[in-house]
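Comments concern the structure below.
The values are calculated or read from the model by the stated rules, or taken from the named source; none is laboratory data. All values derive from a computational prediction rather than experimental measurement. Glycine also receives a Cβ, built like all others from the backbone with ideal geometry; neighbour counts cover every protein chain displayed.
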């Protein structure tokens, strides 16, 4: 590949990386209203500190790879975790807890409260 | 067959001339004019238009790029290159608040709308076989809008461009160009100062003014 093409591609990749985030409008962004999310907003309270954009789901296939579908709120995607530090990126008030998975089983996910 | 003859034949076809005799005639005339002319590579004043694509992303608009240009000779090799450009993209809302409560926008490569008004300098390089290559630098004032996010701002992109063109008729040249654009943008919704970075490629038609 010519050097100038590689350079341009690198610059564009850097540009795309700027503004990158662990969360998105689909899952994880703060919100006070569903208009701030792709699908729905779990309003700010002790269960979802700061508000939480999420997707409605019936099973894990409806969620991003790093999220699980749980029974809360009629079926929503929450970030998967294995231990407490796995939820630190969401800020204060979030913990790694076990919830009822959807459609069955249990899932370890980040949630407030 | 020289590249200029090929370019002339393509242009004749694009203009809707019947294939065959008229296309050949147009190509031959253009080639003959080119080979016998010692005129400078560009007229002292020209108008041009460009149609292409702009690749954006993040807070840089991308999509269909339509440009109008005005060339004015400054010196033997350099021309002022003024332009007005419209970037027309699509895209849904892509801004959100991250967990630190900072606004982040992650638009696609072909999202948003922009209007550029700017100018710079184009320098012609030594060409071969009827092709006239050039390089240029320019600056512009850009209005930026991502409608679904209600995000508006202004930017000052600097561009480094390169292109090539071939004369296909007495006053008409066609060619292609590519430009890398980068610069700061001041955006609303609390984003403040953000970098913009984009790539533009397009096809051009330039017409010498009398």
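Filter the stretch B:153-183 down to residues that are surrounded by 15 or more Cβ atoms within 10 Å (Cβ to Cβ) and over 30 Å from residue B:133 (Cβ atoms), then give me how many there are.
Summing the residues that are surrounded by 15 or more Cβ atoms within 10 Å (Cβ to Cβ) and over 30 Å from residue B:133 (Cβ atoms) in the stretch B:153-183 gives 1.
Given the criteria farther than 19 Å from residue B:42 by Cα and within 16 Å of the chain's Cα centre (by Cα), does residue B:159 qualify?
Spelling it out, residue B:159 is indeed farther than 19 Å from residue B:42 by Cα and within 16 Å of the chain's Cα centre (by Cα).
Considering only the stretch A:87-98, how many residues are under 19 Å from residue A:23 (Cβ atoms) and more than 14 Å from chain B (Cβ to nearest Cβ)?
To start, the set of residues in the stretch A:87-98 that are under 19 Å from residue A:23 (Cβ atoms) comprises A:87-97.
Checking the rest, the ones that are also more than 14 Å from chain B (Cβ to nearest Cβ) come to A:95-97.
Counting residues in the stretch A:87-98 that are under 19 Å from residue A:23 (Cβ atoms) and more than 14 Å from chain B (Cβ to nearest Cβ) gives 3.
Report, ordered by the first and then the second residue, all pairs with beta carbons closer than 8 Å, sequence separation of six or more or different chains, a first member in the stretch B:63-80 that is under 17 Å from residue B:112 (Cβ atoms), and a second member that is part of a strand (DSSP E or B) and modelled with pLDDT under 95.
The qualifying pairs are B:63/B:90.
Please identify the pairs in which a residue from the stretch A:98-113 that is at positive phi has its Cβ atom under 7 Å from the Cβ atom of a residue that is surrounded by fewer than 12 Cβ atoms within 10 Å (Cβ to Cβ), counting only partners at least 6 apart or on another chain.
A:113/A:46
Residues of the stretch A:29-71 being touching a strand residue (DSSP E or B) at 6+ places or on another chain (Cβ under 6 Å), under 16 Å from residue A:112 (Cα atoms) and not in a strand (DSSP E or B), which ones?
A:29, A:31, A:46, A:47, A:48, A:49, A:50, A:51, A:71
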